[in-house]
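A quick write-up on the structure given underneath.
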There are 2 protein chains.
Amino acid sequence: MTSDDFVPAPLRRLWGMSESSRLGRPASLDVKAVVAAAVGIADRDGLDGVTLPKVAKSLGFTSMSLYRHVGSKDELLTLMADAALGPPPDIAAPDWREGLRRWAFAHRAVLQRRPWLTRVPVAGPPSGPHQIAWMEAALAIMSGTLLDWAHKIGAMSLISGYVVQSVRQFSELAEGRAEGQGQADAERDYGRALARLVNPDRFPEAARLFSSTLFEAPPSTTPDAAIADADFSLGLELILDGIAVRIARSNT
Amino acid sequence: MTSDDFVPAPLRRLWGMSESSRLGRPASLDVKAVVAAAVGIADRDGLDGVTLPKVAKSLGFTSMSLYRHVGSKDELLTLMADAALGPPPDIAAPDWREGLRRWAFAHRAVLQRRPWLTRVPVAGPPSGPHQIAWMEAALAIMSGTLLDWAHKIGAMSLISGYVVQSVRQFSELAEGRAEGQGQADAERDYGRALARLVNPDRFPEAARLFSSTLFEAPPSTTPDAAIADADFSLGLELILDGIAVRIARSNT
DNA sequence: CAGCATTAGTATATGCCTGATACTTTATCT
DNA sequence: AGATAAAGTATCAGGCATATACTAATGCTG
């Protein structure tokens, strides 16, 4: 018989329910501080830069002290993910479609500011307060529709997965580019070599694709970000179209 | 002036262009063997089980020998991903919709057999021969449509991303479940606690969701796999609906 | 007011890992 | 018969996560 309001430690830490028992030595450190320090390091050095020694040092403590506030490094990553995600913005939209569109763009904006978020290994269903809040926002947007729960969840996670994937892809490319000046050359070499490897006999469609304007387009005047925006919208609208079909179908 | 048929070493290895120069000591090891051994370990111990010492030992060599055949551990992961993906099956379908559906299920089947594939960190656009072959298959399926390249690529990566995401989510859950008998209890506790944390005032929709039948459904008679299949199809058909709208629009 | 239980943080150590460097071994080519 | 060059090995440095056993600081109890 577990007590009815028992909450596992990781969840307690996720939801900011630190208890600071009156007994014993008082803590000079807390979960919030640890997570904030870790997020700061991730912002500066990327996710691989986050190590327990470095987080501890940035706070003026030893590595082992962190284990008083966090169960493991994996748990720290989960805590970081929810903290860095932050609360969703207020989305007031005339209809579900515009609402989901704004939700997707807001989500994307957060990830673009912290690309390392797209690389945090997901360890289970959303369970942090911010994750739940974003979920709530999406569900609220769809509350006027007649979709059942399974469809709502499906639509939301489809959009969210799409956002993560597209931001990750773009940021990887950008990182590669920033990694030295000669990187641009290397990248061009890489593309050129790949185009040569894609034999038109074995891969007719792919070969046509690789030699299409899409990959030639040399010094396009439009900035990369604009292209990325267009690509992103393209896929997003496709998803929204699919959802629209479902909604129309559920109304009959 | 780089030679016009210069191919970067990682790409050469990906495409099986090992050169075995006639000079010097002949190699008793090659990229293929290394990758195969690594894949075998990943199949048994998961992606975290793959370390250079273990791969080398399973071949009867020392860790450092691997660096003669593979640039880095990250590169090894890339090679593993393409090797383990394997070639796509022949997909003969009457129309693009059935074709893409089969393509998605085939992709999913591969990932289900090797769940660690969904956790290999992606390091750039598809560039291995098998990845290209899968891409070719998808493009061929859509070749009858009037979609432009951007839409085709968008549709394909949307589906592929969805497949990866859904398999990863399911396999995580299954792993957690297999990780000891008490895990099921812990999981139930977790869900229960979470349901209590989701305050209906702050999160009205989410709270209703958490207390809906979707989460109660105790010992459902239908096996997990069947439920997963249904969920998967749900999202997939949604995507296909979206693509259908695009295709219809591009025909006008 | 003394000391005890309790909690926070530290010191130290183990066993891993990736990868650099310098070496030995084994083959071909001249 | 060497010279040459590549394959594989030995050793090592620098990091990392984390277990265990410690010291330090506080409130509670007598």
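The values are calculated or read from the model by the stated rules, or taken from the named source; none is laboratory data. Here the structure is a predicted model, which is why all the values come from computation and not from measurement. Cβ: placed from backbone, ideal geometry, glycine included. Neighbour counts: every protein chain shown. Accessible surface areas use protein heavy atoms only, side chains included; no ligands, DNA or RNA. Shrake-Rupley method; radii C 1.70, N 1.55, O 1.52, S 1.80 Å.
Compute the whole-percent fraction of alpha carbon pairs in the stretch A:9-85 spaced more than 22 Å apart. More than 22 Å apart: 18 percent of the Cα pairs in the stretch A:9-85. Within the shell of other residues whose beta carbon sits under 11 angstrom from the beta carbon of A:PRO125, the net charge comes to -2, with Lys and Arg scored +1 and Asp and Glu -1.
The residues of chain A present an accessible area of 54 Å² per residue when probed at 1.4 Å with all protein chains retained.
Here B:LEU173 and B:ARG22 are evaluated by their C-beta separation; at R0 = 56 Å the FRET efficiency comes out at 0.60. Heavy-atom accessible surface of B:GLU136, to the nearest 10 Å², is about 20 Å², with a 1.4 Å probe and all protein chains retained.
Buried accessible surface for the B/A chain pair comes to about 5500 Å², total over both chains, computed with a 1.4 Å probe.
Compactness of the protein assembly as shown was expressed as the Cα radius of gyration divided by 2.2 N^0.38 Å, which yields 1.04.
Rg/Rh for chain B (Cα atoms only, Rh after Kirkwood) is 1.05.
Would you mind getting me the FRET efficiency between B:THR221 and B:ARG196? Use the beta-carbon distance for r and R0 = 41 Å, nearest 0.05. The value I calculate is 0.90. By accessible area, using a 1.4 Å probe on protein heavy atoms only, the stretch B:9-85 has 54% of its surface on carbon and sulfur.
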